[in-house]
Every structure is written in structure tokens, then in C-alpha cells.
1. In sequence order, what are the phi-derived ³J(HN,Hα) couplings for the stretch 289-294 according to the Karplus relation 6.51 cos²θ - 1.76 cosθ + 1.60 with θ = phi - 60°, rounded to whole Hz, with x for glycine and proline?
2. So how do 206-218, 89-101, 294-306 stack up, highest first, on mean other-Cβ count within 10 Å?
3. In Å and whole numbers, how far do the C-alpha atoms of the stretch 217-322 stretch along each principal axis, longest first?
4. At a 10 angstrom cut-off on C-beta neighbours, averaged per residue, how do the peptides 487-497, 103-113 rank from highest to lowest?
5. Please give, to one decimal in nm, the separation of the simple spin-label points placed at residue 244 and residue 652, each 7 Å out from Cα toward the Cβ.
6. Could you tally the net charge around residue 116, taking each other residue with its Cβ under 9 Å from the Cβ of residue 116, Lys/Arg +1 and Asp/Glu -1?
7. Ranking request for peptides 602-610, 569-577: highest mean number of other beta-carbon atoms within 10 Å first, then the rest in descending order.
8. What number comes out for the charge environment of residue 278, summing +1 per Lys or Arg and -1 per Asp or Glu over other residues with Cβ under 14 Å away?
Amino acid sequence: METRWVKTHCGRQDHGGCALIVGVEGNRIVQVKPDPAGLRSRGYLCYKGAHGAERLTHPDRLRAPLKRTGERGSGQWQEISWAEALDTVAENLDKTRQAHGARAVAFCQGMPKGLEHFVLIRLANVFGSPNVVAVQDVCHAPRELAGVYTCGFYPVADFAYPSRLVVLWGSNPSHTNEEGNICSLLFDQRRQGTELIVIDPRRTELARKATHWLRIKPASDGALALAFLNVIIEEKLYDEAFVARWTHGFDDLASATSAYTPERVADRCWVDADLIRESARLYGKTRPSAIQWGNAIEHNTDNFQTARALVCLMALCGNLDVPGGNVEALDPPLLALGKFVKAELLPTKRKEMIHAFRGTIPRLMTVPPAHFRRAVLEGDPYPVRAAYVQCANPLLSYADSRQTFRALQRLDFLAVSDLYLTPTACLADVVLPAATQFELDDIGHYGIGHSYVLARPKVVDPPEGCWPDLKILNELGKRLTPRELWPEDHRGFLEEVLRPSGLTYEEFAERGHLSGEERFRKYEDRGFSTPSGKVELALSDASKFRLPAVPAFPASLAVSAEYPLVLTCAKDPHYLHSSYRWVEGLHKKSPEPVVQLHPQTGASASIADGDEVVVETASGSIVQVARLNADLHPAVVIASYGWWFPEEGDASQKGWERSNYNVLTSTAELGREFGTPNLKGIACRVRRGP
């Protein structure tokens, strides 16, 4: 059979961005290759993308809707038709709306994979619920909103233009190409002489190539950022002309950072004072420089302040909105998000969202999971009784997994759309079998703010019983809300988004991408979009939002004799969070949950490489397999995140407790700005297991 080749972009194995050439015979994918002409990837392809087609043909993939027949979580199911499944979901969501109000229904999404995230928001808005629950509190929102409040935009690292220096702060692009900043562009710059500073508890591949590697204590990023600012201000390494003309509150920031000398911060961050000073000097003297900040800096209660400090650092050194710095990316001509999600139909949304009653920072547009579960379990600020979940596995991905389990069990009704019976899907009343990457037409990067969108045209047809999330949501919308608010066919969403560009989806797919206008130093024409019109090193509206005017940080984590070690986690390059643990090609490359320990730490607990290890915090304990790593600080423990066991039964929810990192985390302490718990920098101990 002749092979036909289709160009598309990777999507649901990550945020996507890698251009692919997919070989198809009949309705079967036979090869996935990187496209050398890719806008951002330029011939790069990761493990996940290379094995992506295996998801489509897995023998245990869901191929028909399921309805629970026994007790919730008992693993007893009955296959039903799509009509019955959609009717059951719609009837139960409407029943909840009639009895308790629309806000008693939550619509839940994991990491946005494509257009489905915004169609879900649209469904919630027209249904009348303000509560779209997502993980923005630990991914994207702290950096985005810290940028919006500080300089009026989300500062994106510009790898398309040469930087003389790139600072990878809690970011590991060779393993996780976050939000489309593909590592191939950075590798190109490295070959042309760009220097690197890497700030990470691990000696990553790029840390080995860096001018400076700062082996930071987990969760001390904010203090280190202030030490950088201290050096740059004290030694007058900042861009004096930019600071004088375009910043507000310099003296306040200088005063606040005066106490954060490298010598004082060294013990707090476990980084030598001279190394802090040398690294700060290199950033201060080297222009243009870009800071590629990973979402690791967002995994603590002080994430807003940490991100604010880093935006201040970009601004002081004149690296905002310049080629090769951190830029304000302009979107291509597409339908505005507010119009697409029908925001005008729910004008009171901001005041009615669950977290609005918790005093979170304005403009946070999805509900933090910790506040969602409190509403389910305690009815605070009002009860939530039903949930619809897509592209998510909350039982693994939300902090305090046992609390999540209790919340999901407490719901009157739970529907889940997925490819596979994940631990979360095992607790559902109805499970809907979704189509996935390569089986649907989609648009990538809409709404992310990186200046471009990518075409993801369909390559093969899905199994007969599997539907794209766009189709599922469209059909639910027709059942639950006025039909005129929904396209006749779900592909109408694609045309709707693209209409301002003047392109049809087919024309867009032929082009492959759309990019926004490329302009720099836009502030010279219109100032910055802040109350002062300048970069707000000190926030003008700090008192209004009950925030410190300049970045401030709490005391460092206190370990104890009982819990003497510091726990953090890292993403596995072979998986996307908890996704695809059942894909054989990926599982062979990463077959078990690994906890990394320094050999000294292992020896003190009689732990050898390959031993089972019990990791304990005040919240719980899990078992993972030891790997000794002499590059770690002896007091640091790095556990694997997102682990469950597909081979185990539905009635045990696929062994979700045994090795699940979030059994070790807690929601007892939350950041006020975003409702973020501490996911990193947690006091722990280890012992030989089981």
C-alpha cells in the first residue's frame, strides 16, 4: 500500500509546537517524522511525539461510552450508546442546575491541549456556571499575571532572535518544551555562542553546558531573584536610561532588596555567594539577555512574588520587548477569546467564581483546584455538586490526592472524557471515549500568547465510537443551552476562530501556521499598560489588591529532626504529567517511578541504587525506586510525579496511591494570590522500603 505523507503539528503529547510529517497507509499511521521546516522545532522531535501514534491503537483504549453500574469506583461498567451517554450527562448537569443553581456545576480541564479548553469555557458560560476549574494556579497564570501587573504584558523569552545570554530559571527545554519554546531554537543559539545560566536543583543536560549552574535549594527562587537584583542595583549594572524613563518605584525596590545580599541569601538558597554575584553580574552586563522561566517557579505559595521579582530583573537590565530579550508577543488576526467563549453571556462571572470569595488576585480566570475541592467537601463559599472533566486526571495532578479522592466521591455526578480509564475516570458515573491527536482537526496555541497559532489537521479517522472533545462539547451544548449558540458541526469552531484572518481551516492547514505582527519596544509609542504607564517595580495598586508593593518572601523552609530532607519533583521527559503511562513504547523507556537521592543520603538510610524507597512527609508516604545521583545536594530528594499503574484493576483506581507524588503534598497552606499550594520544597524523610 502506498504511503501518503501529511504535515501537522504535535499537540496532545505536550503543549505542542513541533512540526511533524506523518506517514499513513489506509487509516493507519506507520511513521512519525520531524519536519525540518518547522516554525519553532526545525527538525526536533521528542520521545512523546515519536510514540504518539501508539495511543491510537492500544487494545485497552476506550471505544464506547461507559455507564457505572455498581458503587462509584467499583469498576463495574456497562457500554451504552452516545445518545444515551450525552442524554445522561446533560440530564444530570441540568438536574444539578435546577436544584442548586448553575454554579454548583464545575467544568474541569487539565493543561490546555488545543481549542477544547476554550470550548469548555464557552459551555460553562452559556450554561451559566462561572466555575471552570484548571491548573493555572501552578502553570502559567502566576507568570502571566505577574507580567500583566508589573509591565502590562506576559514577557515571553524570544528565541527567534539571538540573545547573548539565556537564563534557564526552573526550565529544562531539552526535556519539556514549555508552551512552544522548542529547545531546537535554543540549541541553534548555543552553537552560535549564546551563554547559559541554569538555575535548577539538578545538573540537567543544559546545566552541563552552562557558564554558571546554580544548584538552588528547591522553593528558594524568590530570594535568589532578589539577590540578583541586589547585585545589579548596588553595582549599577542596570540600564540607567530605561530605569529613569520607564520604571516606577525604583527607590522602593532598591530599599527592599538591600537586605538580600548574596552573602545573606547564600545559606537560604544553598548557592555560594560568589557564584550568585558572578551570575548576576553576567546577566546585568550582557544584553540582550532572555530569561526562560519554567513553571517550576509557580509551584509554591509565593509564586506571584517570585515571578514579579524576575520581571523586575528583566526590566532593570533593559531586556523587556527587545529582540532576544523577553517580549510582548502580538497575536495574529483571530477571534478575540472573550467573543469566542461568549463571555458577555455571564457578565457577573468574576464576582461569582469560587475563588473570588477567597480574595485571590483579579484576572485569574479559572478556579484553583484547592478552592474547588473545598466547595465540594465543605460547601464553602457555596456547594458544588457535579463536575464534567476533560483532558485531566485530577486524582494524580491536584495537590493532596486523598482530598481529591474524597471530593470526587462526594459529588452527586461526575462525567469524564478521556482515551483510557485513568484513575480519575474510574470514579466517574459516565465515561466518554475521546478522539485524540492525529484524529481531529485542531488549532494549537490559541490563547497562550506566544504570537502564533499552529495547524493540527486530522491525519486519520478515529475509531467509530470515539469523538473529539469539540464534538462532545458541541452536542452537550445543544442539549443544555440554546442551540443557536452552537455550530451545526463542531468544525465550525475552527472557522469561527479563523474568520478575522480571512482564511478557511483548509487554507490555514496548508500554510501550517499564522504569526502576529513583529514589533519591538512598543512602549516607546504608547507606554506600558499599567496605572503609571511604566514598569511597576513597586505596584501602584498594591494597597487596592492587598499586596506588598515590592516583592517580598517568607522565611525559608524549616526542616526538622523528624523530616530533615527537602523534597521536590521533576517531570519525566517520556510522559506528559500523568498521561500516557499505558503507551508501551514510552513505558519501556521509563518503566518505574524513580526517586533521586545523593549517595550520602542513601548510605545513611542503607538505601542502594534500585532499592524500593519510602518517601514520607507530614501528609503521607509513597514508594518509589532509588536512583543515586551525586550531582544533587545531599539534603535534596527528587521524586517522580504523575505515577499510576494501568495494569492494575479499575476497582483500585489503577493503584493511584502507591507512588503518587501528590499523596505527599497538602493544601493546608495556600498562596492568597492564586490559591497555590506548596508542591516543592517540602520537608521529608526517606527509608528503605517497603
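Each value in this text was obtained by applying a stated rule to the coordinates, not by laboratory testing. Being a predicted model, the structure only gives us computed values, none of them experimental. Cβ sites come from the backbone with ideal geometry, for glycine too, and all protein chains shown count toward neighbours.
1. For the stretch 289-294, the Karplus curve yields 10, 10, 9, 9, 9, x Hz.
2. On the way: 206-218: 19.9, 89-101: 17.6, 294-306: 25.5.
Ranking, from highest mean packing down: 294-306, 206-218, 89-101.
3. Principal-axis extents of the Cα atoms in the stretch 217-322, largest first: 35, 27, 25 Å.
4. Numbers: 487-497: 17.8, 103-113: 24.5.
By packing density, highest mean first, the sequence is 103-113, 487-497.
5. Output for this residue pair reads 7.0 nm.
6. On the way: positive: 113; negative: 442, 469.
My count for the surroundings of residue 116 gives -1.
7. Details: 602-610: 14.3, 569-577: 20.0.
The most tightly packed comes first, giving 569-577, 602-610.
8. Numbers: positive: 277, 281, 285; negative: 195, 235, 263, 272, 274.
Residues close to residue 278 contribute a combined charge of -2.
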